[in-house]
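No value in this document is a laboratory result; all are computed from the given coordinates. Everything numeric here is computed off the predicted structure, so don't read it as measured data. We place every Cβ from the backbone using ideal geometry, glycine too, and count neighbours over all the protein chains shown.
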Amino acid sequence: MAEEKKYEIDVSVRTVYLPDQSDEDAERHVFAYIITIANTGTVATQLISRHWIIDNGDGTSQEVRGLGVVGEQPLLKPGDSFEYTSGTVISTPVGSMKGSYQMAAEDGVHFDVAIPEFILSVPRILH
């Protein structure tokens with residue numbers, strides 16, 4: 001019999017370009033990202049902190065660390081999910097983000113959850 005995964009968190013991401021907040025001439029490209037965090041494991045787990053690496057298309061990057069997400073440290077019981085929307089600004093029309101969440105399970109175990117890399121890309125109209 002296969003052992004159940006006690007600490008299993010799934011992360012999914014959607015991105016939206018915000019043209020009304022962006023200024024291409026000023027190299028300001030604004031994106032919203034919508035993240036869903038789902039506890040598919042068997043132990044209640046709290047999101048404690050986050051770590052992001054935001055890459056511009058020109059090879060520069062910035063790191064962001066902080067407590068929680070959007071001012072919250074959600075507790076996810078098995079089967080629960082939490083969705084939030086945040087945003088970022090990059091200086092190039094295409095970039096990417098990746099990172100991790102630092103989690104604390106109710107049984108005292110601390111673990112990291114990888115946030116898979118996702119692309120930030122200004123939509124272009126093909127002629």
Using amide H atoms built in the peptide plane, which far-off residues or other-chain residues are under 5 Å from Glu8 H to H?
Thr40, Gly41, Thr42, Val43
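For Ala26 and Val64, compute 0.36 nm times the residue count separating them, minus their Cα-Cα distance, and round to one decimal in nm.
Computed gain between Ala26 and Val64 is 11.4 nm.
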For segment 1-50 versus segment 63-90, the gap between their alpha-carbon centres in whole angstrom:
7
What percent does the relative contact order of the chain come to when contacts are Cα pairs within less than 8 Å and at least six residues apart?
28
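Can you tell me the order of 66-74, 91-99 when each peptide is scored by its average per-residue count of other Cβ atoms within 10 angstrom, highest first?
Numbers: 66-74: 12.7, 91-99: 17.3.
Order by mean packing, descending: 91-99, 66-74.
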Multiply the residue separation of Tyr84 and Phe111 by 0.36 nm, subtract the distance between their alpha-carbon atoms, and state the gained length in nm to one decimal.
7.6 nm
